[in-house]
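K.L.:
Dropping a structure here in C-alpha cells format, bear with me for questions.
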Amino acid sequence: MPERFGIPLIGWIQMLLGTGLVLFVLVKYLRRPKKKQTAGYLIRDVHVLVGDGSELFHQNVLVKDGLIQKISGDAVEAAAVSVIDGSGLTLMPGLIDAHVHIQGGFSCHNEAESDAFLREKIPQIFREGVLPYGITAIKDLDAPKHFIYKLRRKLQTGEILGPELRIVGPNFTAPDGHPASTLGSNSPWARAEMAIEVSTPEQVSAGIRELKQAGVDFLKFTYQGGDYWYFDEKRTIRKIDKALMRQIIREGRENGLLATAHVFYYDDVKDLLEAGIYGIEHGILDRDLEPDDPIIALWKQSGARFVPTVNAMTYEKDPSRLAHSLHNLKVLYDAGIPIAMGTDNMLESMTGAIEHRELAYYVEAGLSPMEAIVLATKNSAEHLGLAERKGLVREGMDADLILLEKDPGADISNIQFIDKVFLKGRLVFSQKAISSYAIPDYAYPRDVSGMRYQRLDGTETRCVDVSGYADRAEITQTLLREGAPWSEERFHVSGSLSCTDWHYSRPSDRTELQARKDGDYIRLTGTFKGKAQDKTFKIGDGLWYQMMELAMPAFIASDEKQIVFYSIGTGNNRGAMGLGEFAAEKAGEETVTVNGQSYDCVKISLVLTAFSWAWTGFYWYDKKSGQLVQTGEKGKNADKNGYRLSEIR
C-alpha cells in the first residue's frame, strides 16, 4: 500500500472523507433556519385591575425586558413575543404580603439543618406554594438570621426563583420575651438567630449596629407582655422596657431603618404611636374601636402604617381577637389609616392560600373586593418602599402580574382562579389541570344499610345511612351530641363516592348549606352561622370527597397509592367555608380489634396539605368489606380522640 509521510493511502482517504463530513454538517448547522426567541408577552384584549381601585377594559398589555412596556386600547405590535389571548380574563398586579415567616425555627435546630432546608425545601416552597398563588413580593418578619441573609443573596443572584424579599433580621425583645421564649424555644441556636434580647441601652445600640451592617430593610420588635398562648401551651412573656422601645424607634430612624412592632393591646399601640413607630403589626385585639376613639386621631397624626394579619387571629385561643381584628380593620380603613396586607403566613408549612383567605377576611370586615385588592397591591408596595416599581399595572412598572380566569374585583373568591403568574416579566406559573385518578365504582355489601360510630370520649355519635345508595346514589349522616341530632348531611355521589351535590344543616348556629358540582366548578350557597354564603370553587376532574373518610373505601379498592381530594370545611377552624385540599395515602395493613371483633384493615393516613405539619388523621378500613372501623388524629402536640365502629346494620 503506497504511503505518504508514513500514512497509508487508505488513511488519507478516510481523513478526507471525515473532514468533508464534518464540514458538511457544520455548513448545514450554520445555515439552519433560526428559531425565533421569545422576548416577552403580549396579552391582548384583557380586563385590567390597575391596583389603585381603577380598572381598564379591552386592553393590550406588552411585557418585555421584565417591565410593562405598553398598555393600550389600540392594537400593539411587537416582534418575537408570545401572544396570549386575554379576552374574558382579568390582569392585576402580583400580591404583596407585608408579614410572613419563611422559616420559623420549627424544623431547624442548627445551621446545618437550616442550610439543608434552604437548599432542599425553599425552591419547592416558592415554586409550588407561593408563586402559583400570585405572591410576587414579601416581607419576612423573623427567620433565623443566617438563613434569611443567605436566602436574600440567592434570590438576588437568581440562584433561587422566588418573590422579591424584604427582611427585618432577628427581632428585638425583652429577655424571655416573644420570640425568644416561643419560636426560639426549640433550640438555643434558633433563639440566638431569631431574637435580640435587650435590657440595656447599650444592647439596643449594638443590635441596631449589627442589623444595619447586615443590610436589613426594617427593624422589628415585640411590644407585648403577659400571658401568651404558644400553640397549646400557655406561657408568660416579658415586654420590652418603654424607654428601650423608644430608643429602638429613634436610633433606627437615625440609621435609616424604620421600625415595626408586634402588638396586641390598645395601651401598647398608644405608646407606640406616641413614640413615632412606622408600622403596627397585628393591631388592637383586646377591644373594639369606635370611629371617635381618640387613638384614631393619634394614629392619623403619627402616619403609622397598619398590617392587620386577620387570618392569624384564627389561631388564637380567644375567639374575640378575630372579632376585634375584623371590626377594627374596617374602622381604621374608614378613618383613612394606611393599611397593607399581611398574613403571618408560615411559608415553611403553609401555602399562598392563606393570602387569598386574608383578602376574603377583608371583604368580610366590610371592604369591597376592589378595596381589599388595593391593600394587597398598591398599599403593600408603598409600605415596603417598592411603590416606584411595584403594586400597579402601569407602563414602566415591574411586570409582576396575575392573569385570572375570573374577576376578583367583582368577587374576591375569584382570586383563586389564577391562570398565569409573571415575575418581572418571566412566566413562573401556568395553570395545570387538577389531578384525576382511576377510582373504580364502589358498592356497599348487600347486607349493609348503615353504620354507627362512637367517639372514644363518648361525646358524639355518627349515624350513617347507605340504604339509598344503590337506587338513588344517596348517603346521609347524622351527628348526635348527648343523644340529640346536632347536624345532618345528605350526599349524592358518583360511583367513586365523589360528591355531586351536598346539603348540610346545623340548626344550633343557623347553618344551612347547599353545594352542587356543575362542570369544573362547585357552587356553594346558603348560610353559615347566620351569614349568607355564595361561593364558587374550581375542582375540574378532581375528587370532591365531601364525606371525607367515608369516601375512602373507593380509594382502597383502587390501584392508587396516594390521592389528592377536596372537601368544604364546616367547623370552627380557619378552613371553614373554604375548599380544602387533602392528601390520603395507603400506609400499610394492621389488625384492629373493636368490641371484641378483629378486623384485618388497610390503614390510611390523611393530611390537609396546607397544614401537613399540624395534623394527621389515621383511618382503618376492613379489607373484606371496605368499611371504616376506627379513626384517630395526631396533632402537633398530642394524639386526639377518634371514632370506633359500634354497629353495622
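K.L.:
Would you point out the residue of segment 108-146, among those that are assigned to a helix (DSSP H, G or I) and among the basic types (Lys, Arg), that is farthest from Ala399 (Cα to Cα)? Steps first, answer last, please.
P.N.:
Let us first name the residues in segment 108-146 that are assigned to a helix (DSSP H, G or I), namely 111-120, 122-133, 145-146.
Next, from what is left, pick out any that are among the basic types (Lys, Arg): 119, 127, 145.
Details: Arg119: 27, Arg127: 18, Lys145: 30 Å.
Ranking the qualifying residues of segment 108-146, first place goes to Lys145.
K.L.:
Is there a residue being basic (Lys, Arg) and over 21 Å from Arg209 (Cβ atoms) anywhere in segment 98-121? Lay out the reasoning, then the answer.
P.N.:
From segment 98-121, those basic (Lys, Arg) are 119, 121; that's our starting set.
Applying the additional criterion that residues be over 21 Å from Arg209 (Cβ atoms) yields 119, 121.
Yes, there is a match, as at least one residue in segment 98-121 is basic (Lys, Arg) and over 21 Å from Arg209 (Cβ atoms).
K.L.:
Continuing with this model, one more query. Give segment 284-330 a look and list any residue that's closer than 17 Å to Gln224 by Cα and aromatic (Phe, Trp, Tyr), or say none.
P.N.:
Phe306
K.L.:
I need a count of the residues in segment 153-165 that are open to solvent by 40 Å² or more (accessible area, probe 1.4 Å) and either β-branched (Val, Ile, Thr) or part of a helix (DSSP H, G or I) (or both).
P.N.:
First, pick out the residues of segment 153-165 that are open to solvent by 40 Å² or more (accessible area, probe 1.4 Å): 153-154, 156-159, 161.
Next cut, either β-branched (Val, Ile, Thr) or part of a helix (DSSP H, G or I) (or both) only: 153-154, 156-157.
Residues meeting the conditions: 4.
K.L.:
Moving on to the next point. Taking Thr500, is it hydroxyl-bearing (Ser, Thr, Tyr) and over 23 Å from Ser558 (Cα atoms)? Please lay out each step first, then the result.
P.N.:
Numbers: hydroxyl-bearing (Ser, Thr, Tyr): yes; over 23 Å from Ser558 (Cα atoms): no.
So Thr500 fails the test.
K.L.:
Hey, another quick one. For segment 161-204, give me the residue count where each residue is closer than 18 Å to Val100 by Cα and not basic (Lys, Arg).
P.N.:
Total meeting the criteria: 21.
K.L.:
Search segment 71-100 for residues being farther than 29 Å from Glu355 by Cα and in a strand (DSSP E or B), and hand back the single one that is least open to solvent (accessible area, probe 1.4 Å).
P.N.:
As a first pass, look at segment 71-100 and keep what is farther than 29 Å from Glu355 by Cα: 72-83.
Still in the running and in a strand (DSSP E or B): 72, 82-83.
Values: Ser72: 19, Ser82: 39, Val83: 79 Å².
Among them, the one singled out is Ser72.
K.L.:
Can you pull out the strands (runs of 3 or more DSSP E) entirely within segment 172-263 that have at least 3 residues that are surrounded by 15 or more Cβ atoms within 10 Å (Cβ to Cβ)? Reasoning before the result, please.
P.N.:
Working: elements: 195-197, 218-222, 226-230, 233-237, 258-263.
Counting at least 3 such residues, we get 195-197, 218-222, 258-263.
K.L.:
Here are Glu590, Glu549, Glu585, Glu581: which of them is modelled with pLDDT of 95 or more and open to solvent by 10 Å² or more (accessible area, probe 1.4 Å)?
P.N.:
Numbers: Glu590 fails: modelled with pLDDT of 95 or more; Glu549 fails: modelled with pLDDT of 95 or more; Glu581 fails: modelled with pLDDT of 95 or more.
Within the list Glu590, Glu549, Glu585, Glu581, the selection yields Glu585.
K.L.:
Continuing with this model, one more query. Inspect all residues belonging to segment 520-531 and state whether any of them is of a type in the set (Gly, Ala, Ser) and on the phi < 0 side of the Ramachandran plot. Full working, then the answer.
P.N.:
Kept after step one, since they are of a type in the set (Gly, Ala, Ser), are these residues of segment 520-531: 526, 530.
From what's left, on the phi < 0 side of the Ramachandran plot: none.
No, the conditions are met nowhere in segment 520-531.
K.L.:
Looking only at segment 445-500, filter to residues that are out of contact with any Ser or Thr (no Cβ under 6 Å at 6 or more places or on another chain) and among the acidic types (Asp, Glu); which one of those is farthest from Thr631 (Cα to Cα)?
P.N.:
It comes out as Asp471.
K.L.:
For segment 516-565, which positions are within 24 Å of the chain's Cα centre (by Cα), under 30 Å from Ala410 (Cβ atoms) and either of a type in the set (A, V, I, L, M) or not in a strand (DSSP E or B) (or both)?
P.N.:
Asp520, Ile522, Leu524, Ile539, Gly540, Asp541, Gly542, Leu543, Tyr545, Gln546, Val564
K.L.:
Mind checking which residues of segment 624-635 are open to solvent by 20 Å² or more (accessible area, probe 1.4 Å), more than 26 Å from the chain's Cα centre (by Cα) and either farther than 14 Å from Met552 by Cβ or free of Cβ contacts under 8 Å to residues at least 40 places away in the same chain (or both)? So that I can check it myself, show each step before the final result.
P.N.:
At the first step, the residues of segment 624-635 found to be open to solvent by 20 Å² or more (accessible area, probe 1.4 Å) are 624-625, 630, 633-634.
Narrowing further to those that are more than 26 Å from the chain's Cα centre (by Cα): 624-625, 630.
Within segment 624-635, Lys624, Gln630 qualify.
K.L.:
Output the residues belonging to segment 360-373 that are open to solvent by less than 10 Å² (accessible area, probe 1.4 Å), part of a helix (DSSP H, G or I) and without any contact (Cβ under 8 Å) to a residue 60 or more places away in the chain.
P.N.:
Here is the first cut: in segment 360-373, the residues open to solvent by less than 10 Å² (accessible area, probe 1.4 Å) are 362, 367, 372-373.
Filter again for part of a helix (DSSP H, G or I), leaving 362, 372-373.
Tyr362, Ala372 - these are the residues of segment 360-373 that are open to solvent by less than 10 Å² (accessible area, probe 1.4 Å), part of a helix (DSSP H, G or I) and without any contact (Cβ under 8 Å) to a residue 60 or more places away in the chain.
The values are calculated or read from the model by the stated rules, or taken from the named source; none is laboratory data. Since the model is a prediction, treat every value here as computed from it, not as a measurement. Cβ: placed from backbone, ideal geometry, glycine included. Neighbour counts: every protein chain shown. These area figures cover heavy atoms from the full protein model, side chains too; ligands, DNA and RNA do not enter into them. Shrake-Rupley method; radii C 1.70, N 1.55, O 1.52, S 1.80 Å.
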